[in-house]
Amino acid sequence: MRKVASFCDYFVIVSGTSLRQVNAIARGIEDDLAQEDIKSLSKLSSNDESGWVALDFVSVIAHVFYKPVREFYALERLWSDAKKVALPRKPH
């Protein structure tokens with residue numbers, strides 16, 4: 001992202017199939033990173049119903065979308081000049 005936006009190095013964009021799942025994913029990201037003493041500058045509301053949760057970790061911004069909201073805003077298209085980095089999937 002740094003070559004196209006000065007405010008962060010990476011966007012992490014994920015989606016869930018329900019608002020409840022979006023909130024659970026966002027909470028899981030916050031909890032996992034908190035164990036590494038990494039805290040978000042943004043505060044997660046207890047029951048967000050917007051369908052888009054953004055967690056700001058300074059150099060990385062995690063966007064957690066409800067799938068239809070992700071398709072509507074299409075950040076991947078909006079920021080298409082940024083280099084895409086695929087992350088390996090973790091085995092379950």
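Of all the numbered requirements in (1) within 12 Å of the chain's Cα centre (by Cα); (2) modelled with pLDDT under 90; (3) buried (at least 16 other Cβ atoms within 10 Å of the Cβ), residue 10 misses one, and that requirement is (3). Considering the range 8-38, and only residues there that are in contact (Cβ under 8 Å) with a residue 12 or more places away in the chain and in a loop (DSSP other than H, G, I, E, B), the residue that is farthest from residue 87 (Cα to Cα) turns out to be 18. Hey, can you tell me all the residues within the range 49-86 that are in contact with a helix residue (DSSP H, G or I) (Cβ under 6 Å, 6 or more places away or on another chain), surrounded by 15 or more Cβ atoms within 10 Å (Cβ to Cβ) and part of a loop (DSSP other than H, G, I, E, B)? Hit for the range 49-86 is 51, nothing else.
In the range 26-57, how many residues are aliphatic (A, V, I, L, M) and closer than 21 Å to residue 78 by Cβ? Here the count works out to 4. When restricted to residues that are within 13 Å of the chain's Cα centre (by Cα), under 11 Å from residue 26 (Cβ atoms) and of a type in the set (Gly, Ala, Ser), the range 37-74 contains 4.
The values are calculated or read from the model by the stated rules, or taken from the named source; none is laboratory data. Predicted, not measured: the structure shown is a model, and the values here were computed from it. Heads up, the Cβs are rebuilt from the backbone with ideal geometry, glycines too, and the neighbour counts pull from every protein chain shown.
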